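Asker: Supplied in structure tokens, the structure appears directly below.
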Amino acid sequence: MLSLAAIFLFCLSYWIHRYFGQVDIHQIAYHLNFGLDIARSSDPVFTKRFVRWCVIAPLLFFALFCFLQRRLAQGTRQLLPPILLGAAIGFWLWDISAFKFVDGLLRPQGFRARSAGATDRAARHQLPRVRAGARHQLDHRGDGRHPMRGTT
């Protein structure tokens with residue numbers, strides 16, 4: 001049964017990517033709020049494709065998996081379903097950007113998270129330099145020459 005759940009997750013991911021493109025956890029949570037009402041009101045073509053890719057295909061892949069699993073050694077045969085389910089769950093968490101979502105929740109965001117005098121190093125290097133004594137003209141090239149006259 002663990003193998004069937006893992007195969008279902010892989011097939012569900014394939015179905016989502018094929019017919020809806022890249023989705024994230026926010027979109028999935030939004031559509032889960034509708035419950036079964038969304039299944040009743042959706043286009044019959046999507047329902048047929050869902051049955052094809054998320055019901056029939058996993059059962060066929062599971063039958064093939066069971067056939068191939070019988071040919072493996074006993075120790076490998078017992079370890080394979082939990083490993084496959086762990087890989088499927090890990091793939092799903094990565095695929096729906098769950099790791100980015102949790103990372104965004106754990107990191108401080110916004111202006112208040114930074115101290116008053118701290119600036120981002122990358123942002124500091126993008127600012128044009130102002131040379132002292134150059135009548136406050138911007139030195140965009142950093143070589144001391146005025147962009148229009150050649151020298152300052």
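Asker: Is it true that some residue in region 83-100 is more than 19 Å from the chain's Cα centre (by Cα) and among the polar types (S, T, N, Q)?
Answerer: no
Asker: With the condition kept exactly as written, say whether any residue in region 62-74 is under 27 Å from the mean Cα position of the chain (by Cα) and assigned to a helix (DSSP H, G or I). So that I can check it myself, show each step before the final result.
Answerer: Step one: list which residues in region 62-74 are under 27 Å from the mean Cα position of the chain (by Cα), which gives 62.
The next check asks that each one be assigned to a helix (DSSP H, G or I); those that pass are 62.
Yes - at least one qualifying residue is present in region 62-74.
Asker: Report yes if Q22 is assigned to a loop (DSSP other than H, G, I, E, B), without any contact (Cβ under 8 Å) to a residue 60 or more places away in the chain and either within 13 Å of S97 (Cβ to Cβ) or in contact with a helix residue (DSSP H, G or I) (Cβ under 8 Å, 6 or more places away or on another chain) (or both), otherwise no.
Answerer: Here the answer is yes, as Q22 does meet what is asked.
No lab work stands behind these numbers, since they all come straight from the coordinates. What you are looking at is a predicted structure, and each value in this text was computed from that prediction instead of being measured. Cβ coordinates were reconstructed from backbone atoms using ideal geometry, including for glycine residues, and neighbour counts include every protein chain displayed.
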